[in-house]
Amino acid sequence: MATQTTAQRSFSFLRIAIALQTLTIFLQAVSAGLLLTTSYGETLHSVGARVMYGAALLYVVAAVLAWKPGGGSPRPIWHASGFLVLASAQVALGIANVPAVHLPLGVLMFGLSVLALTRR
């Protein structure tokens, strides 16, 4: 009984982490629009990038916790780790100012995050 409760709690934490990640990516799209239209958009987008990266790290932690105590599948760890790689590339491309890849990668990341959220 305690193992089932721990597994459910880990599962909930994983779902919350994915939802937070999805929200931060969506807010990055909003701040990208503000980047083009306002003077404070660049600051907002820069801060948002750090928050989005933190959310990707939280997703990895949640995936590990959902796997270890509950004895679940390690597949979410691979998904979260892959997403962290995409987030790292996204940040690097943003810093390097490569919008031709940065923007489509952001759209892809949002789609993958929504997909992960609906599959949990």
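Structure above, values below:
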| quantity | calculated |
| --- | --- |
| Identity of the residue in the stretch 70-85, surrounded by fewer than 15 Cβ atoms within 10 Å (Cβ to Cβ) and over 12 Å from the mean Cα position of the chain (by Cα), that ends up nearest to Leu35 (Cα to Cα) | Trp78 |
| Residue count for the stretch 86-106, restricted to those that are part of a helix (DSSP H, G or I), surrounded by fewer than 11 Cβ atoms within 10 Å (Cβ to Cβ) and either polar (S, T, N, Q) or within 11 Å of the chain's Cα centre (by Cα) (or both) | 0 |
| Pairs where the first residue, in the stretch 91-109, is touching a residue at least 12 places away in the same chain (Cβ under 8 Å) and the second is loosely packed, with under 15 Cβ neighbours inside 10 Å and not in a loop (DSSP other than H, G, I, E, B), C-beta under 6 Å, 6+ apart | Leu93/Val101 |
| Residues satisfying the stated conditions in the stretch 19-53, i.e. part of a helix (DSSP H, G or I), of a type in the set (Val, Ile, Thr) and free of Cβ contacts under 8 Å to residues at least 24 places away in the same chain | Val30, Thr37, Thr43, Val47 |
| Flag for Val64 being β-branched (Val, Ile, Thr), surrounded by 14 or more Cβ atoms within 10 Å (Cβ to Cβ), out of contact with any Gly (no Cβ under 6 Å at 6 or more places or on another chain) and modelled with pLDDT under 95 | yes |
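The values are calculated or read from the model by the stated rules, or taken from the named source; none is laboratory data. Note that the structure is predicted; figures quoted are calculated from it, not measured. Note that each Cβ is placed from the backbone with ideal geometry, even for glycine, and that neighbours are counted across all protein chains shown.
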